[in-house]
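Below is one structure, written out as structure tokens; the observations come after it.
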Amino acid sequence: MLDVAIIGGGLCGLALAHSLQARGCDWRLFEARERLGGRVLTAKAGDGTPVDLGPTWFWPHTQPTITRLVADLGLTSFEQLDDGRVLHLCDPNRVPQTVSLTEQLVPADDPSTPATAGAVHGGARRVAGGVGAVIDALALPLPGARLRAGHRLEAVVDHGDFVELRLRFGEASYSVNARRVVLALPPRVADASVQFVPDLAPDVRAALQATPTWMATAAKAGFTYSRAFWRDGGHTGNAWVSHAQAMLSEVFDACDPPEGAARSPGAALAGFAALNVAQRESFARGRDLLLESQMVQLFGPEAADPALQPQRFWHDWALDTETCSPIDRASDALPVGSHPHHGDPVLAEAHWDGRLHFGGSETARQGGGYLEGALVAAGRLRRQLLAGTMDTFRPREAANDRLDVSERDAGNEQHLERFAAWVASEHGHAMARYRERVHQALSQQEADGLTQRSVVSSIESIYVAALQQLDTLPLVTAHLSVENPGRCALTPRVLELFTGRADQLLADAVIFNNTSCALSNFPFEHRPSGDYVRSIRRDLASAWQSFSAAANERLLAKARSVVSA
Ligand SMILES: Cc1cc2nc3c(=O)[nH]c(=O)nc-3n(C[C@H](O)[C@H](O)[C@H](O)COP(=O)(O)OP(=O)(O)OC[C@H]3O[C@@H](n4cnc5c(N)ncnc54)[C@H](O)[C@@H]3O)c2cc1C
């Protein structure tokens, strides 16, 4: 009987397969589509120029796992072209204006403030050859016979000491028995497309349904050309379109790196659809024409010049049942930029006595929804499966009194890791909270100082919740030491988790304000001045000081309680 069946050949499933293979485990991977990669999809123009129609970026300062994987696979990564300037088209009857985020975020008269090249994309990096290169590099060393593309899971039946998987391959249905099964799928897709016998417990069903699939309702366009003509005019390729007839809301340079062996022959731009799912359906017939005319309006007539061999690509993820569940499609509520709920603890547990595991990026506490989350989830699954194989599952907290020193360190590390995941997740939601506060303030006609109040209160609410988390964090306190004067040894480790996050929220908020039609009536908020941004930074610095002092106090209190015990 097969030991581990992995369902889903996206980044999560493939990364898990890779690590199980390295440890000599017996596994098979079943993928419903005819291709591997899931939401990773790199299209290729006739001359081989790649353009990503799924994920494009990773952010090394907050996403260590994907950053390490790209390097470990020997792939070339490079910075997204971004000098802090962006073309903004807010009226279809006018020419686009260049907005400089650098000027807004970094006042020219403040030389101490660091430069903000990269402000539009927050320091994002890309993979040469497209993100598909990661999938290819992961799949290449795996035995082909273990990778089954075109095999769709329809049902999982628990038989007590093994699970039966009912699969479909073309017209044929067949069963495979396995000791454990991992569903490396978006949770809502697992809920909608797989039958569970016996049915899942109500809290598990609820957790699956409550976890939206990141970008499931997005559609993306790619444009390849023989030459990056927009750079001739000094454009980076970054553009936002915020008028009501926009086809694409955001466009960016999607060329391969300017130098190096991986450089592809052509050039590319890519962008996200501005229309929702229903509008996309009604505009389907005229779509190509409308896309072309928007690109011409942004970048000039060369965008449609046959001499530049233009090719167009389009992928509507809402039409893929392997990505977009009926609940995702019906809600279609997630604008690009607001990050949904993810990392439900129920989904991170093993079910059916360790025979059923849920994976996929959305189950990760850290980086959930992103490429990072897919790898974090794969790491958690690997640990669970290997622990199950060695039959060493036991609750850690209950066994604390029997732990030796190295195990206690590992316990502390685990708690800090969990806290780090919580911090990342809270900050992942910070922008959505900011937007909520802005809309609430606008609906109550309280526009005065709205950006300042909304940014600062979003950050303060995270600090308040973080202190509560620290109170309950079951650190193995016997291993805490106190440094003089009055600083707990763990304080820097805890505080570093927050480094740069408030600045990031402020940068994101300014970008959001720039593109918000609702804020265009409030110029002071729509385009915050250097003075205004400085004043917000001062408030953020003061909130940070109070928080860091309070966090240190809490950690010291834990240490003191051990000394006095
Ligand atoms: C348009 C778009 C842009 C994005 N941009 C970014 C970005 O810039 N940066 C970033 O970090 N992330 C981005 N993401 C998110 C990123 O793509 C995902 O986080 C990541 O690819 C998820 O990997 P996964 O393996 O968890 O899930 P998936 O890639 O969804 O893999 C799940 C797999 O399961 C398969 N499957 C489904 N049902 C069954 C079944 N019944 N039987 C067998 N197989 C099944 C699917 O076909 C799929 O291959 C973007 C996503 C999209 C769609």
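The values are calculated or read from the model by the stated rules, or taken from the named source; none is laboratory data. For clarity, every value in this text was computed on a predicted model and none was experimentally measured. Here the Cβ positions follow ideal geometry from the backbone for every residue, glycine too, while neighbour counts run over all protein chains shown.
Residues in the range 49-88 that are crowded, with 20+ Cβ neighbours inside 10 Å, over 16 Å from Ala133 (Cα atoms) and of a type in the set (Asp, Glu): Asp82 only.
Which of the residues belonging to the range 38-68 are of a type in the set (S, T, N, Q) and within 19 Å of the chain's Cα centre (by Cα)? Across the range 38-68, the qualifying residues are Thr42, Thr56, Thr62, Gln63, Thr65, Thr67. Looking across the range 287-306, the residues that are touching a residue at least 24 places away in the same chain (Cβ under 8 Å) and not charged (D, E, K, R) come down to Leu290, Leu291, Gln294, Met295, Gln297, Leu298, Phe299, Gly300, Ala303.
Every residue in the range 482-537 that is farther than 30 Å from Leu555 by Cα, small (Gly, Ala, Ser) and either at pLDDT 85 or above or part of a helix (DSSP H, G or I) (or both), please.
Pass one, the range 482-537, residues farther than 30 Å from Leu555 by Cα: 507-535.
Okay, now just the ones that are also small (Gly, Ala, Ser), so 507, 509, 516, 518, 520, 529-530, 535.
Listed by number, the residues that qualify are Ala507, Ala509, Ala518, Ser520, Ser529, Gly530, Ser535.
Selection of the range 20-54 for residues being within 14 Å of the ligand (Cβ to nearest atom), farther than 20 Å from Val194 by Cβ and either of a type in the set (A, V, I, L, M) or in contact with a Lys or Arg (Cβ under 9 Å, 6 or more places away or on another chain) (or both) yields Val40, Leu41, Ala43, Val51, Asp52, Leu53, Gly54. Candidates Ser561, Ser546: the one that is at pLDDT 85 or above, surrounded by fewer than 15 Cβ atoms within 10 Å (Cβ to Cβ) and part of a helix (DSSP H, G or I) is Ser546. Got at least one residue in the range 226-241 being of a type in the set (D, E, K, R) and in contact with an Asp or Glu (Cβ under 7 Å, 6 or more places away or on another chain)? The answer is no; no qualifying residue exists. Check the range 210-226 and report whether any residue there is more than 15 Å from the ligand (Cβ to nearest atom), surrounded by fewer than 20 Cβ atoms within 10 Å (Cβ to Cβ) and under 30 Å from Asp256 (Cβ atoms). Yes: the range 210-226 contains one or more residues that are more than 15 Å from the ligand (Cβ to nearest atom), surrounded by fewer than 20 Cβ atoms within 10 Å (Cβ to Cβ) and under 30 Å from Asp256 (Cβ atoms). Return the residue satisfying two criteria in turn: it lies in the range 323-344 and is part of a loop (DSSP other than H, G, I, E, B) and modelled with pLDDT of 90 or more, and of such residues it is nearest to the ligand (Cβ to nearest atom). The selected residue is Thr323. What about Val197, is it surrounded by fewer than 17 Cβ atoms within 10 Å (Cβ to Cβ) and either under 23 Å from the mean Cα position of the chain (by Cα) or within 16 Å of the ligand (Cβ to nearest atom) (or both)? So Val197 fits the description; yes.
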